[in-house]
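Here is the structure we will look at, set down as structure tokens.
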């Protein structure tokens, strides 16, 4: 279980974010996995395998975090 205050803060942040990166998860552990479906912003999933959140994503990048995140920060 997530602490109530931290979950509430995460839900508030998800509701206001413009872009949510969902990195390295299968998307099956709730309530955290539900945050990707709760946002009004865009969702990008980064994971080497398909996830339960792929259908909620605006983009799915099938790669490891170690490979993809540095590439995302390149100029």
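Computed from the coordinates by the stated procedures, all read-outs in this text should not be read as laboratory data. Note that the structure is a prediction, hence the values are computed from the model and not measured. Here Cβ is always computed from backbone atoms with ideal geometry, including for glycine, and neighbour counts include all displayed protein chains.
Just a few scattered comments:
- Meets criteria (out of contact with any strand residue (DSSP E or B) (no Cβ under 9 Å at 6 or more places or on another chain), touching a residue at least 12 places away in the same chain (Cβ under 8 Å) and either exposed (fewer than 14 other Cβ atoms within 10 Å of the Cβ) or within 18 Å of residue 72 (Cα to Cα) (or both)) for residue 6: no
- Looking only at residues of the stretch 21-44 that are in contact with a helix residue (DSSP H, G or I) (Cβ under 6 Å, 6 or more places away or on another chain) and assigned to a strand (DSSP E or B), we find that the one that is surrounded by the fewest Cβ atoms within 10 Å (Cβ to Cβ) is 23.
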